[in-house]
Amino acid sequence: MDVKEVNRHGQELIKHLKIITSPVAVKLISKGSEIPESIKKAEECMTHCQFVDKVRRTREEFYTLNENQMCKVGAGAMGLGSVPKDLVTGELYYKEFELFSTLGASRRTIDMISILPPNSTEAILYSPLEDTSFIPDVIMVVGNPKQMMLLTQAAMYGIGGRLETSFSGAQSVCSDGVVQVYKEGTVGVTLGCTGSRAYATLTDDEMIMGIPMELLADVVSGLKQVCP
């Protein structure tokens, strides 16, 4: 699949889902690999979820390094640097964020969250799918429950079965939306998290689907069939 076809798939997602913001193309550049010269570096320092939100609304294309990523939890999960030690021990979500009743409950959850090896990623590219200049690894779609239903039906249209996904209400846009999809090569749905709703403009009625690049064409093909 070439870039022009990827762009067409982006246009089809917008058309059939009737989403008002762009699907976001995300690509992880492996450590030591070259960053495309045609893509500008982000000027801001924000969280990953804010970058995704910025792209879906402004339709800008750029790349980020670890220095651009304000949230080191998300950056570390995606292989830019490493995750903070207090996250690994469970103390961050237990003591600071108070998301769990015990340290053990926090640690068990963290142990199941998808992360990439430390310092395995050089940069992260972001772009609106309909205008992207690169082939992404993961496509992120933000939408309401009905739109997620249609995407789920589209993903199941050709193969049947059930969509199995996993989330915990933490690290939704980074670990659930990107890393889990990237590592497992399967569609994933996540509800958002405290961070993405506090820092990004994810609304109460919005959720997220991550689609691996390998399944994009099948999902779009199914979407054309299931959408009224």
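Assorted remarks:
- Over the chain: Kirkwood hydrodynamic radius from C-alpha pairwise inverse distances, Å: 17.6 Å
- Chain lengthening between SER166 and SER221 when straightened (0.36 nm per residue, less Cα-Cα): 17.3 nm
- Altogether, the Stokes-Einstein calculation at 20 °C and 1.002 mPa s, with the Kirkwood radius of segment 1-99 over Cα pairs as Rh, returns a diffusion coefficient of 137 µm²/s.
- The mean sequence separation of alpha-carbon pairs under 8 Å and at least six residues apart, normalised by the residue count of the chain, gives a relative contact order of 26 percent.
- For the chain, the per residue solvent-accessible surface stands at 48 Å², with DNA, RNA and ligands left out and a 1.4 Å probe.
- For the chain, the longest principal axis of the Cα atoms and the long axis of helix 48-58 meet at an angle of about 30 degrees.
- Potential lengthening of the chain between MET156 and ALA105 amounts to 15.0 nm, from the contour at 0.36 nm per residue minus the alpha-carbon distance.
- R0 of 22 Å, Cβ-Cβ distance ARG59-ASN119: FRET efficiency to nearest 0.05: 0.10
- A Stokes-Einstein calculation at 10 °C with viscosity 1.306 mPa s, built on the Kirkwood radius of segment 174-228 over Cα pairs, returns a diffusion coefficient of 128 µm²/s.
- Taking 20 °C and 1.002 mPa s as conditions, segment 50-94 diffuses translationally at an estimated 182 µm²/s according to Stokes-Einstein applied to its Kirkwood radius (Cα pairs).
- Filtered GluC sites (Glu not before Pro), segment 92-156: DSSP coil and at most 14 other beta carbons within 10 Å: GLU98
- Full extension of the chain between GLU43 and PHE97 yields a length gain of 16.6 nm, computed as 0.36 nm times the residue separation minus the alpha carbon distance.
- Spin-label pair GLU184/LYS146, simplified geometry with 7 Å Cα→Cβ offset, distance in nm: 2.8 nm
- Hull volume in cubic angstrom per residue (convex hull over the Cα atoms of segment 88-149): 166 Å³
- Helical runs (DSSP H, four residues minimum) scored at -39500 (n - 2.57) apiece and divided by the length of the chain put the mean residue ellipticity at 222 nm at -10000 deg cm²/dmol.
- Karplus 3J(HN,Hα) series, Hz, for segment 114-128 with 6.51 cos²θ - 1.76 cosθ + 1.60 (x for Gly, Pro): 6, 9, 9, x, x, 6, 8, 10, 7, 7, 10, 9, 10, 6, x
- Cα gyration tensor shape for segment 51-160, rounded if a/c is under 1.5, else prolate or oblate: oblate
The values are calculated or read from the model by the stated rules, or taken from the named source; none is laboratory data. All of these numbers come straight from a predicted model, not from anything done at the bench. As a convention, Cβ positions derive from the backbone with ideal geometry for all residues, glycine included, and neighbour counts pool all protein chains shown. SASA here: full protein model, heavy atoms, side chains in, ligands and nucleic acids out. Shrake-Rupley method; radii C 1.70, N 1.55, O 1.52, S 1.80 Å.
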